[in-house]
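The values are calculated or read from the model by the stated rules, or taken from the named source; none is laboratory data. None of these values were measured; they are calculated from a predicted model. Methodologically, a virtual Cβ is constructed for each residue, glycine included, from the backbone with ideal geometry; neighbour enumeration extends over all protein chains shown. Ligands, DNA and RNA are excluded from the accessible area calculation, which covers all protein heavy atoms including side chains. Shrake-Rupley method; radii C 1.70, N 1.55, O 1.52, S 1.80 Å.
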Amino acid sequence: MAITDWPENERPREKLLQRGAAALSDAELLAVLLRTGVRGCSAVDLGRNLLNEAGDLRALLDLPPERMRRMRGLGGTRLTQLLAAVELGKRYVALELKKEVTLSEPEPAARMFMSELRGEPSEVFAVLFMDNKNRMLGFEKLFRGTVDAAAVYPREVVRRALDHNASSIIVGHNHPSGIAEPSRADRDVTRRLSDALNLVDVRLLDHLVIGDNQWQSLGRLGWL
């Protein structure tokens, strides 16, 4: 049965408008974004099939675009709509961070790093640049590595901090294993970065390790 033949209060778009987005299931929310289904499959059925194939909503949205493109029903327009929705979510988090009075504590910064780095298939090292009141100036992914490590060059971090006219930074990287346990190498990189940044009077406030729905602060561990 086509969605247009459903009772009006059960159609995803009408249900969203009447009861709010939180009332919709993951498959129904996907149906609103996808708009139409494929032959023999309504938009809700398509959303459900995509979720089943990926495992769950988060696994689906974490897939790289080239992998999404190979899934039945996610070609062309539907794929671009889904990718645009994911990017809107990331930008919403970034804008919320800009409203924070201060980013000197790890929790608000961790939300940014979690949003940007979670689901990356390889290790990515990123930097959050801040002014002298610890307000966000910018966020950049500077280095990408293998599934195990990313080569971090302190000189490049210093250069980008000066380009942003930053007074302080927070750095972070993900562990593709999903375990946010800092390593000895993480501690060594933190020390080298701190030493290099001190030479140009930029403070390294923290180094965050991002895992699977978890994070760890090297600052809280006393490793700064």
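Overview of values
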{"item": "Residue match in the stretch 44-67 (condition: touching a helix residue (DSSP H, G or I) at 6+ places or on another chain (Cβ under 7 Å), exposed (fewer than 15 other Cβ atoms within 10 Å of the Cβ) and either of a type in the set (S, T, N, Q) or not in a helix (DSSP H, G or I) (or both))", "result": "no"}
{"item": "Residue count for the stretch 187-224, restricted to those that are closer than 16 Å to Leu117 by Cβ and surrounded by fewer than 18 Cβ atoms within 10 Å (Cβ to Cβ)", "result": "3"}
{"item": "Subset of the stretch 73-82 [of a type outside the set (A, V, I, L, M, F, W, C), under 19 Å from Leu29 (Cβ atoms) and either over 18 Å from the mean Cα position of the chain (by Cα) or open to solvent by 50 Å² or more (accessible area, probe 1.4 Å) (or both)]", "result": "Gly73, Thr77, Arg78, Thr80"}
{"item": "Close pairs (8 angstrom Cβ cut-off, 6 or more residues apart or separate chains): under 14 Å from Gly145 (Cα atoms) in the stretch 112-132, of a type in the set (Ser, Thr, Tyr) and open to solvent by 30 Å² or more (accessible area, probe 1.4 Å) anywhere", "result": "Ser122/Thr146; Glu123/Thr146"}
{"item": "Qualifying residues in the stretch 156-178 (those that are of a type in the set (Val, Ile, Thr) and in contact with a strand residue (DSSP E or B) (Cβ under 9 Å, 6 or more places away or on another chain)) - the one nearest to Val124 (Cα to Cα)", "result": "Val171"}
{"item": "Checking Asp131 against (1) surrounded by fewer than 15 Cβ atoms within 10 Å (Cβ to Cβ); (2) over 24 Å from Arg91 (Cα atoms); (3) not polar (S, T, N, Q), the condition it does not meet", "result": "(2)"}
{"item": "Scope the stretch 1-25; condition closer than 14 Å to Thr36 by Cβ and modelled with pLDDT of 80 or more; matching residues", "result": "Arg11, Pro12, Arg13"}
